[in-house]
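Every number in this text was worked out from the coordinates using simple rules, so none of it is lab data. Because the structure is a prediction, the values reported are computed rather than measured. No Cβ is skipped: glycine too gets one built from the backbone with ideal geometry, and neighbour counts run over all protein chains shown.
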Amino acid sequence: MKKVGLSPVIEDYLKTVFHLLKEKGKANTNDLAKTLGVSPPTITQMIKKLAELRLVKHVPYKGFVLSTAGEKIAIEIIRHHRLVEQYLHEALGVPWDKVHEEAEKWEHFISEDVERRMDEVLNHPTRDPHGSPIPSEELVIENEELVLMSELDVGGKGVVREVPDEDPELLNYLEGMRLTPNTMFEVKRREPYGGPIVVSVDGQTFTVGLEAASQIRVKQVVGG
């Protein structure tokens with residue numbers, strides 16, 4: 001599919017709207033301005049342009065949503081980004097805290113042929129280095145029922161599935177506690193008044209700040 005004649009800026013807007021809708025259930029001018037670091041008037045102008053291109057639709061009192069065409073483009077860019085991250089990490093040995101910035105550049109310019117070759121070389125990966133699902137070639141994204149680590153009760157067990165990819169400091173912090181994708185842990189203690197969470201990983205105990213725990217998406221283990 002694709003994306004003929006669209007600028008990287010437009011693609012970034014569509015990708016950001018997609019993520020906001022997934023994470024918050026809404027996408028409005030203020031959310032986009034905060035996420036992209038631009039002024040609300042600039043957002044308004046771009047949304048008008050995207051509406052003219054029939055890539056977004058305005059929903060009264062709720063902001064805007066992607067059209068079918070806009071969503072397909074957003075998912076394709078996400079596929080490029082996550083596939084590039086996995087390629088850089090697995091094939092080239094780039095550390096997981098450094099692949100995001102590079103993938104931000106590559107995602108707009110790789111051809112469909114290069115995308116297909118990357119996919120084949122990596123044996124059709126389904127997740128990137130940070131655990132995020134890589135959309136299929138048919139632009140289908142795997143949906144998995146996940147919760148935040150911060151939502152688990154004491155004694156609760158889980159498996160780390162996804163962590164944010166854009167903050168190198170956070171990634172280094174998590175790696176130091178071995179809280180990387182597919183790692184199992186147990187919540188041992190929660191400090192009061194919004195304090196940190198104490199978890200056990202392979203017999204070792206780590207204290208995880210609440211802000212970090214609120215960004216780690218996990219698969220809850222029931223009865224394990």
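Figures for the structure shown
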{"item": "Dipole moment magnitude, nearest 20 debye, the range 1-143 about Cα centre, only Lys, Arg, Asp, Glu C-beta charged", "result": "840 debye"}
{"item": "Over the chain: helical MRE at 222 nm, DSSP H runs n ≥ 4 each giving -39500 (n - 2.57), nearest 500", "result": "-12000 deg cm²/dmol"}
{"item": "Span from the the range 71-147 Cα centroid across to the the range 167-191 one, whole angstrom", "result": "22 Å"}
{"item": "Two-site label geometry, residue 48 and residue 116: point separation in nm, points 7 Å out along Cα→Cβ", "result": "4.1 nm"}
{"item": "Relative contact order %, the chain, counting alpha carbon pairs below 8 Å whose residues are six or more apart", "result": "15 percent"}
{"item": "Choice from 64, 185, 18 showing the highest fluctuation, given a GNM over the chain with Cα pairs closer than 10 Å", "result": "64"}
{"item": "FRET efficiency, residue 91 to residue 211 (Cβ-Cβ, R0 45 Å, nearest 0.05)", "result": "0.85"}
{"item": "Positive-end residue of 136, 148, 69, charge dipole of the chain with Cβ unit charges", "result": "69"}
{"item": "Choice from 60, 168, 196 with maximal GNM fluctuation in the chain (Cα, 10 Å cutoff)", "result": "60"}
{"item": "Mean separation of Cα contacts under 8 Å, 6 or more apart, over the residue count of the range 102-176: relative contact order %", "result": "22 percent"}
{"item": "Pairwise centroid distance, computed over Cα atoms, of the range 34-50 with the range 7-28, Å", "result": "11 Å"}
{"item": "Listed residues 153, 128, 97, most fluctuating in the chain (Gaussian network, C-alpha, under 10 Å)", "result": "153"}
{"item": "Rounded tilt (10° steps) of 40-52 against the dominant C-alpha axis of the chain", "result": "60 degrees"}
{"item": "Pairs from 34/62; 26/49; 26/98; 22/98 whose Cα-Cα separation, in the structure shown, is over 27 Å", "result": "26/98"}
